[in-house]
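Each remark here refers to the structure printed beneath this line.
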Amino acid sequence: MEKNAIILGEIRLKKMSNGCTISHPDRAILIVTPVFGCAIFNVITKDKTYAFDLKETSNGFRVDTQEGIFYFEYDGLKSIKERMEANLGVSPKNQAA
């Protein structure tokens with residue numbers, strides 16, 4: 001894990017099956033890492049790490065993986081992303097003219 005990673009908390013992954021969401025048996029940890037002016041979100045399970053773009057759905061947020069699409073809910077995640085991006089924004093001195 002990166003030294004500047006921020007642990008946001010534990011989440012419960014869910015997977016869509018036959019039109020219903022079912023819980024994944026393992027819990028996961030949601031972290032965010034500021035890298036080169038971007039907020040990189042990662043979901044870490046006991047054996048894998050998934051980086052993802054923040055994709056909001058009617059089921060919360062989604063993580064696209066080789067094993068399929070996982071969903072999770074995390075209150076305030078969209079607000080956290082917006083605040084981090086505002087704090088990591090491009091300053092006028094390093095912005096292209």
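Label sites at VAL35 and LYS55, each approximated as a point 7 angstrom past Cα along Cα to Cβ, lie 1.8 nm apart. Heavy-atom surface analysis with a 1.4 Å probe gives the chain a carbon and sulfur content of 50 percent of its accessible area. Over the chain, Cα pairs under 8 Å with separation of 6+ residues give a relative contact order of 22 percent.
Sites listed here are chymotrypsin sites (Phe, Trp or Tyr not before Pro) in the stretch 1-67 whose DSSP assignment is loop and whose Cβ has at most 15 other Cβ atoms within 10 Å: PHE36. Does the stretch 20-63 come out rounded, prolate or oblate, given a ≥ b ≥ c as the square roots of the eigenvalues of its C-alpha gyration tensor, rounded meaning a/c under 1.5 and, failing that, prolate meaning a/b above b/c? It is oblate, given that a/c is not under 1.5 and a/b is not larger than b/c. The count of lysine pairs in the chain whose Cα atoms are under 18 Å apart, excluding pairs fewer than 8 places apart on the same chain, comes to 8.
The values are calculated or read from the model by the stated rules, or taken from the named source; none is laboratory data. Bear in mind that the values here come from a model prediction, so they are computed numbers and not experimental data. Note: ideal-geometry Cβ built from the backbone for every residue, glycine included; neighbour counts use all protein chains shown. These area figures cover heavy atoms from the full protein model, side chains too; ligands, DNA and RNA do not enter into them. Shrake-Rupley method; radii C 1.70, N 1.55, O 1.52, S 1.80 Å.
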